Each structure stands twice: as C-alpha cells, then as structure tokens.
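Presented below is the structure to which this report refers.
The values are calculated or read from the model by the stated rules, or taken from the named source; none is laboratory data. Only a predicted model underlies this, so the values are computations on that prediction, with no experimental measurement involved. Cβ placement follows ideal geometry from the backbone for every residue including glycine, while neighbour counts extend to all protein chains displayed.
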C-alpha cells in the first residue's frame, strides 16, 4: 500500500478557503489584494473580516466569540467554524441572499447548504433575503425557539416531497419584509411545519427507512436495542422473503450497513473480519466525526433525541455503497473506472442532498479520493464492478489501520 495513513490524521484548516472567497469577491468589500497570495494578504483579509464584523453590528460578546474563532483559523489553532459562526460570517460578509450563503457553505467552507426545514436556518434564509441585521435575526430566533419547545420534534407525516414546496412557497411568495415574517411566525400552526431533528440531509441518509412503521420519537431512554427491527422501502428483493414485502432489518445491521462498509445483501458477512467492526467504527468516529458515528450517537439521531446533524462524510459512505457499478441493474449506473464520470456522479448525489462536492478540502475526502486514485492506478484493466470492489477493499484496510492508531 502506497498511501501513508499518517497524512490523514489531522484536519485540514479552512482558512485558505476563506482567503479564496475574499479574493474571489474582493470588489464587494473594496479589498485591494496583491496579485499573488502571501502572508500580508492573509493579514489584510483577517483585519477586513474583523472590521466588517464591527461594521455589521455583531454585539460585543458575539464579536469577541467570532473574532477569536476567525483568528484561531488564521493562526491554525482550529480547522473549521461552528455552524453558529458560519451564520455570523454570512451576516458579517453582508451576503445578498441565501443562495450566496449556501454557496459560501458548500463551495468554500465544506459545510452543508442552508436547510429551510430547520427553524433556525429558515429564519437565516428569510433574514438574508429581506436584509435583516444579525441582532434582529437572533431576537426572532430566540422568540421562536421558546414557542417551538411545545411542538413535536418532527411530525411523522411531514416528508421531504410534501414540505419542500411549502417552504419554497412561503419564503419566495409570502415573506418580503420583517413585518411579513413576524406576521407569518405569529401563527402557531405554521411552526408545526418545522422539524427540529429532520432536514434534507436527514432524509437523504435514511432514504430507505419506512418512518410510518417505526416510531423514532423516543425522547428518553437508552439507545435502541441492537435487535430492534425497522422496515425499509428499498432492497426488498435481497432481504425480504418476497419482493412485495417491505424489507426488515435489525438496527444493529442497519448501523453496520451504513458505517461498516458492506451491504446487507450478504448477512453472513455482517461480523466478518473483512469489514469494520463496532469498535473500529467508534474509533474512527473520534478521528473522523464528519463521517462515522458511535452507535449511541446514531441511535440519538434515528430516535430524534437531538437536532439533526448529518455530515457530508456520513452521507458519502452511504452514497458510495449504493452506487451501482453495473449497467445491468435497474438503478443509475456509475462507471467506477472513469474518474471524471465517478466524480461527477458523486457530486450530483451530494449536491442534490444539500452537501458540498467531493473535494480534497477536508481530510476524510482527501483519504477517499487518494485511495480511489490508488485503486485506479494499481488496477487499470478491471471492470467497473471489480474496481468498486477493489476500492472498497482497499478503503476498509486503510480505515482498519487508522482505527488501530486511535
């Protein structure tokens, strides 16, 4: 194996991407920069962002929090920004609308796009569109959060296809001013549409789970028993007795299907040493929290005990498993031997689910891409199916080695 795993143990700092954003949009901030990137440019950009934070009226306490976060990025003391600081950055940069904010998130900061399913992000989207200030926006967020505590975490009947149009219609057709936003939010029935623990990314990850037959809203208690069964919409032919039945699978096997890098098509291999075991997955969750989840955290997510946080790496693992390397199967075909076609397919899946593209700007993506490239280099004559199998085998071996270092 030629990939050196020690090169994939430290997170990649996003400060250079913030510099790139400011360089790409320098005219919007009357920012004069040298033609080539240099230390002086970084210092100018840091000072500009801090000045903008003052100008755009971040309260003193929040200004200090934000200033420290940005300065830590600049000094390489941290690698990324919290979601709250990403919201602040959108207002500090005085972005014109939510489209620009989502572009900042996905194209530069390696974060998910804004999701209107979240009340917080619905308000951020509306505030950017109608040009509210940060303090006004936070006041509305605080008021609505208190009222939302009395509502269910996420009504089961609200599914992605039914609610996408609702949010779009409300944001684009009804809310054109602060008064309109306040008026719409004052109707208690409108808050029932918001899901504190589900969003676009949540539905993308669990696209096969039959929520109507599995009550996941369990606010108290222990993690789900490993033998708890859930029903799935897809894959019925391989794991149900007849194709007309909805497939059933234990929570333990579903967890390992997502993170163990193997399929439920071969249940006998569930605990095989070839695949990642639970101890290895939990070790990797500490190393790559954007991709792997401990079983307890996974159960909290499924049972909706906490706000949704489905990271791009987690979805990427699921996406890679589901991609079909064979044109004979009745699903969208991805040619694993064609690097350009493979990356285009990955980016389409990710962007449709509200994630950034598969770029080597975070350490887990870099690991995936380098292993994929190594697979192509070492196996130039394999078929698409054989290439996918070789890629997964190599990926599992590297991840096992990394887990052993944790």
Discussion item. On the basis of being surrounded by fewer than 16 Cβ atoms within 10 Å (Cβ to Cβ) and within 26 Å of residue 136 (Cβ to Cβ), does residue 54 make the cut?
Written reply: yes
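May I ask you to say which residue of 305, 318 is buried (at least 16 other Cβ atoms within 10 Å of the Cβ), at pLDDT below 95 and assigned to a helix (DSSP H, G or I)?
318
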- Message: Being over 20 Å from residue 8 (Cα atoms) and either touching a strand residue (DSSP E or B) at 6+ places or on another chain (Cβ under 7 Å) or in a loop (DSSP other than H, G, I, E, B) (or both) is the requirement here; does residue 342 meet it?
- Response: no
In region 327-339, anything in contact with a helix residue (DSSP H, G or I) (Cβ under 9 Å, 6 or more places away or on another chain), exposed (fewer than 14 other Cβ atoms within 10 Å of the Cβ) and in a loop (DSSP other than H, G, I, E, B) is listed as 327, 331, 332
Filter pass, residue 287 being under 19 Å from the mean Cα position of the chain (by Cα), at pLDDT 90 or above and more than 22 Å from residue 322 (Cβ to Cβ): yes
Open item on the list: Could you go through region 366-383 and let me know if any residue there is in contact (Cβ under 8 Å) with a residue 24 or more places away in the chain and out of contact with any helix residue (DSSP H, G or I) (no Cβ under 9 Å at 6 or more places or on another chain).
Closed with: yes
Residue set 313, 354; condition outside any loop (DSSP other than H, G, I, E, B), in contact (Cβ under 8 Å) with a residue 12 or more places away in the chain and either under 15 Å from the mean Cα position of the chain (by Cα) or in the same structural domain as residue 12 (by TED's automatic domain parsing) (or both); output residue 313
Of 106, 48, the only residue that is on the phi < 0 side of the Ramachandran plot, free of Cβ contacts under 8 Å to residues at least 60 places away in the same chain and either part of a helix (DSSP H, G or I) or within 25 Å of the chain's Cα centre (by Cα) (or both) is 48
